Structures are given as C-alpha cells and as structure tokens.
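One structure is given here, and the rest of the page talks about it.
Here, each number is a calculation from the coordinates, and none is a lab measurement. Small disclaimer: the values here were computed from a predicted structure and weren't measured. No Cβ is skipped: glycine too gets one built from the backbone with ideal geometry, and neighbour counts run over all protein chains shown.
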Amino acid sequence: MADTSGHSNEITGGIRIRVAAQFVPEQSDTDNGLHFFVYRILMSNEGEEWAQLISRRWVITDSFGEKEVVEGPGVVGEYPALDPGDKYSYISFCPMKTSWGTMEGEYIFSRTGGEEFKVQIGRFYLARTTSPISAMSG
C-alpha cells in the first residue's frame, strides 16, 4: 500500500518489500517528454524460511493510464537469496513520458524445496513530490 510519501511497504510469505522513488531532474529532459525516476528496493526476509528471488514483473502506468508490463529474470542481474533475517537492496530506474505515474508488481521467489511463490510489490508513485529515497531507512 502506498503511504503519504508515495512509497510502498508490503509483506507476502514472510518477505517484506519496501520501495521509494524520486525524480532525477539532471537526467530528465521534460521539454521532450523524458521524466527520469530512480527507485530503491529494500527486501527483507521476516519469515522463518530461506527464499531466493527468481524473477520480476512490473506494471508501469503513466498519467494517461497507459500501461507497460516489464518481466524478466532476477533483479539488476542478480538472484538474491535471503536467509531469515537477511536484507537485500538495489537501485534501478524508470524513464517516463509523463511527469508522474505508478509502478507495482510482483517477484517470484522459491523455497529450499523448489516451491515458488509470489511476493507483491505495492503500488508506489513516480512523481516530483515523493519523499527522497534517502528518507527510506534500512
């Protein structure tokens, strides 16, 4: 669920996913429809079982309601494995044609025995008004 900062914080199957995004003016060319955003993901295993990220699926929606789905293996070329209590974070980016939009989606994780499960990534906002990603602790 998005909070007043525009960020998200969801937990599924013992895996907590927190996301914060911010606008990057020095990478943007708003006169030509390029609005560049970075986002930081912090995942933590708050459950009692080992889990490893396998893949991701994002739904990116611009301010006109146009959706783009992005799917692929791992995150930033990695497949983080989390023992109970472990954390993993990464930073990525999203260029948009509009000045604001949203992202949400899911990760597919697996357990020791090969069982796969979906972990929700709550909706968060790509907007000039969101709190900076440095405000997200962890």
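Taking the condition more than 17 Å from Pro132 (Cβ to Cβ) and in contact (Cβ under 8 Å) with a residue 12 or more places away in the chain, does Gly114 pass? So Gly114 fails the test. Scanning segment 70-83 for residues that are more than 22 Å from Phe36 (Cβ to Cβ) and crowded, with 16+ Cβ neighbours inside 10 Å returns Pro80, Leu82. In segment 34-48, the qualifying residues are those that are buried (at least 21 other Cβ atoms within 10 Å of the Cβ) and over 17 Å from Leu126 (Cα atoms), and the one that is nearest to the chain's Cα centre (by Cα) is Met43.
So, in segment 21-35, exactly how many residues are within 15 Å of Lys97 (Cβ to Cβ) and among the acidic types (Asp, Glu)?
2
Of everything in segment 84-103 that is within 10 Å of the chain's Cα centre (by Cα) and within 27 Å of Asn32 (Cβ to Cβ), the residue that is surrounded by the most Cβ atoms within 10 Å (Cβ to Cβ) is Met103.
Looking across segment 49-69 at every residue that is surrounded by 15 or more Cβ atoms within 10 Å (Cβ to Cβ) and small (Gly, Ala, Ser), the one that is nearest to the chain's Cα centre (by Cα) is identified as Ser55.
Residue by residue through segment 57-106, note down the ones that are of a type in the set (Lys, Arg) and assigned to a strand (DSSP E or B). Selection gives Arg57, Lys67, Lys87. Looking across segment 107-135, the residues that are out of contact with any helix residue (DSSP H, G or I) (no Cβ under 9 Å at 6 or more places or on another chain), in a loop (DSSP other than H, G, I, E, B) and farther than 11 Å from Ala51 by Cβ come down to Gly113, Gly114, Ala127, Thr129, Thr130, Ser131, Pro132.
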